[in-house]
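These notes are about the structure you will find just below.
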Amino acid sequence: MSVDSSAAGTPRRSAAGKAGTTGSKTGTKRTTSRTTTKKSAEPELVQLLTPEGKRVKNAEYDAYVAGITPEELRGLYRDMVLTRRFDAEATALQRQGELGLWASLLGQEAAQIGSGRATREDDYVFPTYREHGVAWCRGVDPTNLLGMFRGVNHGGWDPNSNNFHLYTIVIGSQTLHATGYAMGVAKDGADSAVIAYFGDGASSQGDVAESFTFAAVYNAPVVFFCQNNQWAISEPTEKQTRVPLYQRAQGFGFPGVRVDGNDVLACLAVTKWALERARSGEGPTLVEAFTYRMGAHTTSDDPTKYRADEEREAWEAKDPILRLRRYLETANHADEGFFAELEAESEALGRRVREAVRAMPDPDKFAIFENVYADGHALVDEERAQFAAYQASFADVEGV
């Protein structure tokens, strides 16, 4: 589905799409949503930067980025560039056999950096397995992410050190964890918020619907941030929903808003607004970041089998990094020296990541049998012995 994301304007939060009528063969009329019947229609979304890098006004959300400085804008650009460089290095490492798998965020940098920089230090973040940009914003060392995909650790960081939970592979379950945590935050009377990330595919999971229900009923201070990258592996969004995803919030009784997910300023502004609502006791919000997965779902996937090259090319013209660079140059907020220095920093990050991955020690092979039962178990002991014998057989062969 190729959709032009250049439309600007303030969305009707949690409002149904404008309805039209179509006649059937029997002459009866049925009501349909214009949003879902015209694939080429421009989505209604919040946008502050056009794909050409032009700043556009938005009466409702401009206030949330009104005080942003040129230095902070350069910081957002730096975050996106370095995140993309790290992501590219991780993809290359997987292709070279250094990682078991990798889930690329290519094309989703603005959604992640914009929303990630909107959070406060005391907010708590629940990611899926693709939020490398958010992890960067929360101060998680990127090599820890690679350790998990290399199979040498279970995440490698203490979630409470950065208020950034471990990656969640089970689709959609982190929204339940986030909602429960947010309910606890509310009961404690803490002045903080929770944000849960998930994709358009996860939006069809029962766990997400259950999270919406509990968050609404208990007025939990949680922001549900859906990165709608158009494809749940090989399934397009139109096979999962008949209405725009942000409108689902209406059925649960809280606001939903669609933002241009390739516009880092808009993502920053909308997420700030949603987090402030949560902190002030106004309850949950669903943010749909309308973006595009320019790469594969993971490195085990081949997107050329289910989507056209023309679709990707259309979205490449809306590249989030190029968009902000054009704005920085037009507004004279950055010069060639800045971009050159950032390029050097980017290459240094790539080298550091590669060297760190190759230096990672292999995990203890017998650690998998630890902490399975609190008091031990005969079956686990038997499996450990069998595994030890299996490992010893390799030593016997090497000694022959």
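The values are calculated or read from the model by the stated rules, or taken from the named source; none is laboratory data. The structure displayed is predicted, hence computed values, not measured ones. Cβ placement follows ideal geometry from the backbone for every residue including glycine, while neighbour counts extend to all protein chains displayed. Ligands, DNA and RNA are stripped out before the accessible areas are found, and what is left, the full protein with its side chains, is counted by its heavy atoms. Shrake-Rupley method; radii C 1.70, N 1.55, O 1.52, S 1.80 Å.
Computed values, structure above
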| quantity | calculated |
| --- | --- |
| Residue within the range 121-138 that is polar (S, T, N, Q), at pLDDT 95 or above and crowded, with 22+ Cβ neighbours inside 10 Å present | yes |
| Pair list, Cβ < 9 Å and 6+ apart or interchain, from the range 353-381 residues that are without any contact (Cβ under 8 Å) to a residue 60 or more places away in the chain to residues that are open to solvent by 70 Å² or more (accessible area, probe 1.4 Å) and of a type in the set (Val, Ile, Thr) | 380/372 |
| Helices (runs of 4 or more DSSP H) (entirely within the range 280-379) containing at least 2 residues that are open to solvent by 40 Å² or more (accessible area, probe 1.4 Å) and within 19 Å of residue 83 (Cα to Cα) | 320-330, 336-358 |
| Residue in the range 284-295 that is of a type in the set (D, E, K, R) and in contact with a strand residue (DSSP E or B) (Cβ under 8 Å, 6 or more places away or on another chain) present | yes |
| Filter result for the condition that a residue is closer than 30 Å to residue 252 by Cβ and modelled with pLDDT of 95 or more, over 289, 385, 344 | 289 |
| Flag if residue 138 is under 24 Å from residue 354 (Cβ atoms), charged (D, E, K, R) and under 16 Å from the mean Cα position of the chain (by Cα) | yes |
| Among the candidates 311, 345, 341, 370, residue that is closer than 22 Å to residue 150 by Cα and not aliphatic (A, V, I, L, M) | 370 |
| Qualifying positions in the range 253-279 - of a type outside the set (Val, Ile, Thr) and in a strand (DSSP E or B) | 256, 258, 260 |
| Out of 394, 387, sole residue that is more than 28 Å from residue 89 (Cα to Cα), without any contact (Cβ under 8 Å) to a residue 60 or more places away in the chain, in a helix (DSSP H, G or I) and open to solvent by 90 Å² or more (accessible area, probe 1.4 Å) | 394 |
| Exclusive hit being more than 16 Å from the chain's Cα centre (by Cα), open to solvent by less than 30 Å² (accessible area, probe 1.4 Å), within 17 Å of residue 283 (Cα to Cα) and among the hydrophobic types (A, V, I, L, M, F, W, C), set 178, 196, 209, 182 | 182 |
| Residue within the range 262-273 that is at pLDDT 95 or above, among the aromatic types (Phe, Trp, Tyr), more than 19 Å from the chain's Cα centre (by Cα) and open to solvent by 20 Å² or more (accessible area, probe 1.4 Å) present | no |
| Top-ranked residue in the range 69-117 [being of a type in the set (Ser, Thr, Tyr) and over 21 Å from residue 149 (Cα atoms); ranked as most open to solvent (accessible area, probe 1.4 Å)] | 69 |
| The range 191-229, residues that are among the acidic types (Asp, Glu) and outside any loop (DSSP other than H, G, I, E, B) | 207, 210 |
| Some residue of the range 320-330 being touching a helix residue (DSSP H, G or I) at 6+ places or on another chain (Cβ under 7 Å) and free of Cβ contacts under 8 Å to residues at least 12 places away in the same chain | no |
| Enumeration of residues in the range 223-253 that are surrounded by fewer than 21 Cβ atoms within 10 Å (Cβ to Cβ), β-branched (Val, Ile, Thr) and touching a Ser or Thr at 6+ places or on another chain (Cβ under 8 Å) | 241, 243 |
| Test: residue 246 is among the hydroxyl-bearing types (Ser, Thr, Tyr) and in a loop (DSSP other than H, G, I, E, B) | no |
